[in-house]
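Heads up, the thing below is written out as structure tokens.
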Amino acid sequence: MIIVLDNAISAADKRNLHQFLETRNLRVNEIVGEEETVLGAVGKLAIDPRSVEILPGVKRVIPISKPYKMASREFKTDNTIVEIPNKRGQTICFGGRKLAVIAGPCAVESREQMMSIAQKAALSGAVMLRGGAFKPRTSPYAFQGLGEEGVRLLREAGDAYGLPVVTEIVSAEHIPCTRDFIDMYQIGARNMQNFELLKRIGETGKPVLLKRGLSATIEEWLMAAEYLLSSGSQQVVLCERGIRTFERATRNTLDMSAIPVLRSLTHLPVIVDPSHAVGIRDKVPPMALAAVAAGADGIIVEMHCDPDHALSDGAQSLLPEQFDKLMRDISVLAPVLGREVAHIRKTAPEPLPLDKTKPGYQGVCAFSGIRGAYSEQAIGRYFGETVGELALLSFREVFEAVSVGAAGYGMVPIENSLAGSVLETYDSLFRFDDICIMAGATLRIEHSLLAIRGATLGTLKNCYSHPHAFNQCGDFLEQHPHWKQVFAQTTANAAKIVAEKGSVENAAIASGINAKYNDLAELTASIESSKHNYTRFVVIASRQHGVTLPDFPGQDRKASIIFIAKNTPGALCDCLSVFQRHALNLSRLESRPMPGEPWRYMFYADVVLPGMSREDAVTVVDRVIAELKNNAQGIRLLGIYQNRDC
Ligand code: PEP
Ligand code: MN
């Protein structure tokens, strides 16, 4: 039964309620939802719901009509998201917005085989590595797998490429030699109703990939999931892998309709294994795409670098090129369905040598561009000498470097007083959900026109710079309409290009300091359209790496919050009224389209928290976020931080 609690239930009443249920041999699970908190109580003995309904703090009691209880949607309305961490500080999720793709061979055969497949799989975008070590083969004479040795090779290959690993075990005997090496257990089709195995794997509490039995109904499959859930594993992913029918053209018949059917019956994530479903390599990609289109949360496919010599299931294993093409097709299809494909971030370039001898050394700060870029100047002004700098090729790489821990911080521009928002930064803040804002830094921007010695305004034909800088110098450029404007990665890169080209026809718009760095002449200084030209940067960090920055006494704090207003009349207005009720000044509101969801927007709000201590700020922001939940989804606090003029 589901017991919906009164929002105002006291701690004592809640304790009593737990006790009442547990003494009647019911297993109790508390689920804190967006709007209400419920207790799920399941057990062998039936108890009269009315005896629970009369207890203090209980709003109502709903009996669960399905034979599977903890697996049912009635028990838990929100989707379960199964989370699996990798060794690069990321979390692979099954059941959220992102699609997770698992790839790898049917069976682990050797170190070389695993390493080459893992490399190809990761490169193409798989987020998890599969490989069987204990193979449930139809024939006792077929290759049975490498056993423990296979599990170790799988782990080694996964770790080398940042991929968590999943493997099947066919007997509870294999738990001790596998549990510390793998991230997820697979229960194969042939063992879906091996209830003793289900119970023992459930007790490990580890995530489980539960395949559908060869001839199992959806209800039997969910009953198998119930065994796992009721014995301790909350992290179950269902995998449709084809069922036995009269059709012989394919190995099995892929029951695609199971996906939408499961969606309404259960809160558990569902993925599809097209490889074992069709059994023929060329038929795998279309069915994988169909699975994504039908709403699967991910797919698991078999892949092999030399499938003709694979020790098992070679005929259905994709060649690396086929897998790569499939991943590209999935990433095109995903946004149409409001999804995005999850990725393992590639390791960022090695950080520059660190000078840890500097007093107050705080680690490495990444930025996009080269020495002389405004971001690099912001690092110097904000951190002084206390950080090492890591120069990267794009804002995206900065986010990646921070996310994987190659840099403790990143310095990225977020808005300019003349040119407006830096949209790429806003979009990356949404996409990299493990990134938070630690601080703000405002820099006055003064642009100069730089060229090689001997050049004059009259000799120039091409002007290099970043598009934002062209925007900020619109008045000056209007006087030179015949100049061709050429985009560069940053203003500092523009100066470097002009120096390298060595022609009097080229100039760059960049900070004057770049004249010195590139031995250029400063033809004109202060060419920005207004002297009030400021860029606000933010210092980003990974939540997982947990670095902190010192406070600056006397500076007001600010909170940046992302939310998605519900798609109902007045929802945005209701969201904004939350800030008004708390007498908070919204200093900025930016909206950005949701990837893959036409005409839906997320909002980025900056809220001023004048004179508040960190503790007070956290309390107020917590309250605001709790109230926002009534009218918004996807709420994320980017950070509570101080801004400094640099
Ligand atoms: C496998 O994944 O290699 C496998 C044996 O799958 P299934 O249990 O679906 O046949
Ligand atoms: Mn197989």
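The values are calculated or read from the model by the stated rules, or taken from the named source; none is laboratory data. All values derive from a computational prediction rather than experimental measurement. Every residue, glycine among them, receives a Cβ derived from its backbone with ideal geometry; neighbour counts consider all protein chains shown.
Kindly provide the set of residues from the range 235-276 that are assigned to a loop (DSSP other than H, G, I, E, B), within 16 Å of ligand 2 (Cβ to nearest atom) and among the polar types (S, T, N, Q), ordered by number.
Scanning the range 235-276 gives 250, 252.
Output the number of residues of the range 124-145 satisfying the condition of being part of a loop (DSSP other than H, G, I, E, B), away from ligand 1 (no atom under 14 Å from the Cβ) and surrounded by fewer than 24 Cβ atoms within 10 Å (Cβ to Cβ).
Residues that pass the stated criteria total 3.
Output the residues belonging to the range 372-422 that are crowded, with 24+ Cβ neighbours inside 10 Å, within 17 Å of residue 361 (Cβ to Cβ) and hydroxyl-bearing (Ser, Thr, Tyr).
409
Could you check the range 146-181 and list, in sequence order, the residues that are part of a loop (DSSP other than H, G, I, E, B), over 25 Å from residue 213 (Cα atoms) and modelled with pLDDT of 95 or more?
Once the filter is applied, which keeps residues that are part of a loop (DSSP other than H, G, I, E, B), over 25 Å from residue 213 (Cα atoms) and modelled with pLDDT of 95 or more, the range 146-181 yields 163, 180, 181.
Hey, among the residues in the range 289-327 that are in a loop (DSSP other than H, G, I, E, B) and within 14 Å of ligand 1 (Cβ to nearest atom), which one's surrounded by the most Cβ atoms within 10 Å (Cβ to Cβ)?
Applying the filter and picking the extreme gives 304.
Filter the range 188-211 for residues that are away from ligand 2 (no atom under 16 Å from the Cβ) and of a type in the set (Gly, Ala, Ser); which is surrounded by the most Cβ atoms within 10 Å (Cβ to Cβ)?
Only one residue tops the list, namely 202.
Report, by residue number, each residue of the range 531-572 that is more than 25 Å from the chain's Cα centre (by Cα) and of a type in the set (Phe, Trp, Tyr).
534, 552
Confirm whether residue 66 is farther than 23 Å from residue 205 by Cβ and either within 16 Å of ligand 1 (Cβ to nearest atom) or in contact (Cβ under 8 Å) with a residue 60 or more places away in the chain (or both).
Judged against the criteria, residue 66 is a match.
Please find, within the range 212-234, the residue that is nearest to residue 196 (Cα to Cα) out of those that are more than 28 Å from the chain's Cα centre (by Cα) and within 16 Å of ligand 2 (Cβ to nearest atom).
213
Quick test for you: out of 136, 105, pick the one residue that is of a type outside the set (A, V, I, L, M, F, W, C), over 26 Å from the mean Cα position of the chain (by Cα) and within 16 Å of ligand 2 (Cβ to nearest atom).
It is 136.
Would you be able to say whether some residue in the range 275-286 is surrounded by 21 or more Cβ atoms within 10 Å (Cβ to Cβ) and closer than 26 Å to residue 70 by Cα?
So far as the range 275-286 goes, no, none of its residues is surrounded by 21 or more Cβ atoms within 10 Å (Cβ to Cβ) and closer than 26 Å to residue 70 by Cα.
How many of the residues in the range 44-54 are surrounded by 14 or more Cβ atoms within 10 Å (Cβ to Cβ) and over 14 Å from residue 2 (Cα atoms)?
Total meeting the criteria: 0.
Listed here are the residues, each with its yes/no results for (1) β-branched (Val, Ile, Thr); (2) outside any loop (DSSP other than H, G, I, E, B); (3) not assigned by TED's automatic domain parsing to the domain that holds residue 261.
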{"site": "12", "(1), (2), (3)": "no, yes, yes"}
{"site": "20", "(1), (2), (3)": "no, yes, yes"}
{"site": "38", "(1), (2), (3)": "yes, yes, yes"}
{"site": "74", "(1), (2), (3)": "no, no, yes"}
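Scan the range 585-602 and give yes if some residue there is over 27 Å from residue 381 (Cβ atoms), surrounded by 22 or more Cβ atoms within 10 Å (Cβ to Cβ) and of a type in the set (A, V, I, L, M), otherwise no.
yes
When only residues in the range 191-206 that are in a loop (DSSP other than H, G, I, E, B) and more than 16 Å from ligand 1 (Cβ to nearest atom) count, which is nearest to the chain's Cα centre (by Cα)?
206
Is it the case that residue 175 is buried (at least 24 other Cβ atoms within 10 Å of the Cβ), in the same structural domain as residue 299 (by TED's automatic domain parsing) and over 17 Å from residue 92 (Cα atoms)?
Values: buried (at least 24 other Cβ atoms within 10 Å of the Cβ): no; in the same structural domain as residue 299 (by TED's automatic domain parsing): yes; over 17 Å from residue 92 (Cα atoms): yes.
Criteria not met by residue 175.
When only residues in the range 277-312 that are β-branched (Val, Ile, Thr) and touching a helix residue (DSSP H, G or I) at 6+ places or on another chain (Cβ under 7 Å) count, which is farthest from ligand 2 (Cβ to nearest atom)? It would help to see each step written out before you state the result.
Within the range 277-312, the subset β-branched (Val, Ile, Thr) is 278, 280, 284, 292, 299-301.
Then drop every residue that is not touching a helix residue (DSSP H, G or I) at 6+ places or on another chain (Cβ under 7 Å), which leaves 278, 280, 284, 292, 299, 301.
Values: 278: 12, 280: 13, 284: 12, 292: 21, 299: 14, 301: 10 Å.
Across the range 277-312, the extreme among qualifying residues is 292.
Residue by residue, here is whether (1) surrounded by fewer than 16 Cβ atoms within 10 Å (Cβ to Cβ); (2) at pLDDT below 90; (3) of a type outside the set (Gly, Ala, Ser) holds:
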| site | (1), (2), (3) |
| --- | --- |
| 501 | yes, no, yes |
| 508 | no, no, no |
| 516 | yes, no, yes |
| 537 | no, no, yes |
| 556 | yes, yes, yes |
| 581 | yes, no, yes |
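Scan (1) at pLDDT 95 or above; (2) away from ligand 1 (no atom under 14 Å from the Cβ); (3) in a loop (DSSP other than H, G, I, E, B); (4) not aromatic (Phe, Trp, Tyr) for the single condition residue 216 breaks and write down its number.
Condition (2) is where residue 216 drops out.
Picking from 84, 102, which residue would you name as being more than 14 Å from ligand 1 (Cβ to nearest atom), in contact (Cβ under 8 Å) with a residue 60 or more places away in the chain and under 19 Å from residue 300 (Cβ atoms)? Spell out how you get there, then give the answer.
Working: 102 fails: more than 14 Å from ligand 1 (Cβ to nearest atom).
After applying the criteria, what remains is 84.
Confirm whether residue 57 is more than 16 Å from ligand 2 (Cβ to nearest atom) and either touching a helix residue (DSSP H, G or I) at 6+ places or on another chain (Cβ under 8 Å) or among the aromatic types (Phe, Trp, Tyr) (or both).
Here the answer is yes, as residue 57 does meet what is asked.
Consider only pairs whose beta carbons are under 6 Å apart and that are at least six residues apart or on different chains; among these, list those whose first residue lies in the range 151-167 and is in the same structural domain as residue 118 (by TED's automatic domain parsing) and whose second residue is acidic (Asp, Glu).
Partner pairs satisfying both residue conditions: 164/183; 165/183.
Spot the failing condition for residue 284; the list is (1) more than 14 Å from ligand 1 (Cβ to nearest atom); (2) of a type in the set (A, V, I, L, M, F, W, C); (3) part of a helix (DSSP H, G or I), and only one is missed.
Against the list (1) more than 14 Å from ligand 1 (Cβ to nearest atom); (2) of a type in the set (A, V, I, L, M, F, W, C); (3) part of a helix (DSSP H, G or I), residue 284 comes up short only on (1).
Which of the residues that make up the range 566-598 are part of a helix (DSSP H, G or I) and of a type in the set (Lys, Arg)?
581
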